[in-house]
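Colleague: Below you will find the structure I want to go over with you.
The values are calculated or read from the model by the stated rules, or taken from the named source; none is laboratory data. Everything quoted here is computed from the prediction, not taken from an experiment. Virtual Cβ from ideal backbone geometry, glycine too; neighbours counted across all protein chains shown. Protein only, heavy atoms only, side chains kept; ligands, DNA and RNA dropped before computing areas. Shrake-Rupley method; radii C 1.70, N 1.55, O 1.52, S 1.80 Å.
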Amino acid sequence: MEERRPKELGVSFRLRRLAAGEVLFRQGDPVFAVFQVASGRVRLVRHLIESRPVVLQNAGPGELFAEAALFADRYHCEAVAAVASEVRALRRRSLLDAFRTDPEAAIRFMAELARQTWALRDHVALLNIRSAEERVLHYLALHAEPDGRIVRLRGTLVELAAEIGLTHETLYRSVRKLERAGRLERVHGGTFRILATT
């Protein structure tokens, strides 16, 4: 890994390249860094005892992940590259030292944590929607472009199903029902147009 020091982060990092499907760290591994996606996409997955894996985060370019590792000894989930990706590994000690000497760096980091907290709350609310069709539509509305209608998925439908807590079969059926009801249109590939939310 090559070490660099970006102005916007205020701390040095090592750039790590990951192949699609490569595991960056596993649940229970000792903490060695906090990460930021430089390019590509990284999924954080929690393996529970009696259920299928749960996707906690689908991090894209510029997004931090495993930030809770600042105050933990072990990772509480697994990080897997969804596609070929590059991540910045930010050493815990470097970050904490930067926060002590540069209040602006600490504020920027806190702002990112606040944004991720809002996203997590939206995700929890989404998972509490009982109707699969409404859950799908709610997810798409949360991730729509500024026009509120067009949605370009960051991954596959199988990945989306895992992220919103559905089997892929249930997701496919829900999309078809929404299309038949005139509430959703699949433009092409992973791009959808929301036609009606109610």
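Colleague: Can you confirm whether region 85-92 contains a residue that is at pLDDT below 90 and in a loop (DSSP other than H, G, I, E, B)?
Modeller: yes
Colleague: Enumerate the pairs (first residue in region 65-93 and without any contact (Cβ under 8 Å) to a residue 24 or more places away in the chain; second residue anywhere and in a helix (DSSP H, G or I) and among the charged types (D, E, K, R)) with beta-carbon separation below 9 Å, excluding pairs fewer than 6 apart on the same chain, so at least 6 apart or on different chains.
Modeller: Qualifying pairs under 9 Å: 71/92.
Colleague: Sticking with this structure for a sec: For residue 85, state whether it is under 24 Å from residue 154 (Cα atoms) and either among the aromatic types (Phe, Trp, Tyr) or surrounded by fewer than 18 Cβ atoms within 10 Å (Cβ to Cβ) (or both).
Modeller: Values: under 24 Å from residue 154 (Cα atoms): yes; either among the aromatic types (Phe, Trp, Tyr) or surrounded by fewer than 18 Cβ atoms within 10 Å (Cβ to Cβ) (or both): no.
Answer is no for this residue.
Colleague: Return the total of residues in region 173-195 being open to solvent by 30 Å² or more (accessible area, probe 1.4 Å) and among the aliphatic types (A, V, I, L, M).
Modeller: 3
Colleague: Kindly indicate whether residue 170 is in contact (Cβ under 8 Å) with a residue 12 or more places away in the chain, open to solvent by 70 Å² or more (accessible area, probe 1.4 Å) and farther than 20 Å from residue 116 by Cα.
Modeller: On the way: in contact (Cβ under 8 Å) with a residue 12 or more places away in the chain: yes; open to solvent by 70 Å² or more (accessible area, probe 1.4 Å): no; farther than 20 Å from residue 116 by Cα: yes.
So residue 170 fails the test.
Colleague: Please determine, by comparing only the residues of region 52-78 that are of a type in the set (A, V, I, L, M, F, W, C) and closer than 23 Å to residue 167 by Cβ, which one is surrounded by the fewest Cβ atoms within 10 Å (Cβ to Cβ).
Modeller: Filtering region 52-78 for residues that are of a type in the set (A, V, I, L, M, F, W, C) and closer than 23 Å to residue 167 by Cβ, the one surrounded by the fewest Cβ atoms within 10 Å (Cβ to Cβ) comes out as 54.
Colleague: Among all residue pairs at least 6 apart or on different chains, which show Cβ distances below 6 Å where the first residue, located in region 124-150, is within 17 Å of residue 173 (Cα to Cα) and touching a residue at least 40 places away in the same chain (Cβ under 8 Å) and the second is open to solvent by 30 Å² or more (accessible area, probe 1.4 Å) and not in a loop (DSSP other than H, G, I, E, B)?
Modeller: Qualifying pairs under 6 Å: 132/170; 133/177.
Colleague: Let me ask another. So which residues in region 177-193 are assigned to a strand (DSSP E or B), of a type in the set (A, V, I, L, M, F, W, C) and over 12 Å from residue 152 (Cβ atoms), if there are any at all?
Modeller: Filtering region 177-193 down to residues assigned to a strand (DSSP E or B) leaves 184-188, 191-193.
With of a type in the set (A, V, I, L, M, F, W, C) added as a condition, the list becomes 184, 187, 192.
Once the filter is applied, which keeps residues that are assigned to a strand (DSSP E or B), of a type in the set (A, V, I, L, M, F, W, C) and over 12 Å from residue 152 (Cβ atoms), region 177-193 yields only 184.
Colleague: Among the residues of region 129-153, how many are of a type in the set (Asp, Glu) and part of a helix (DSSP H, G or I)? Let's see the steps before the verdict.
Modeller: Pass one, region 129-153, residues of a type in the set (Asp, Glu): 133-134, 145, 147.
Then drop every residue that is not part of a helix (DSSP H, G or I), which leaves 133-134.
Total satisfying the criteria: 2.
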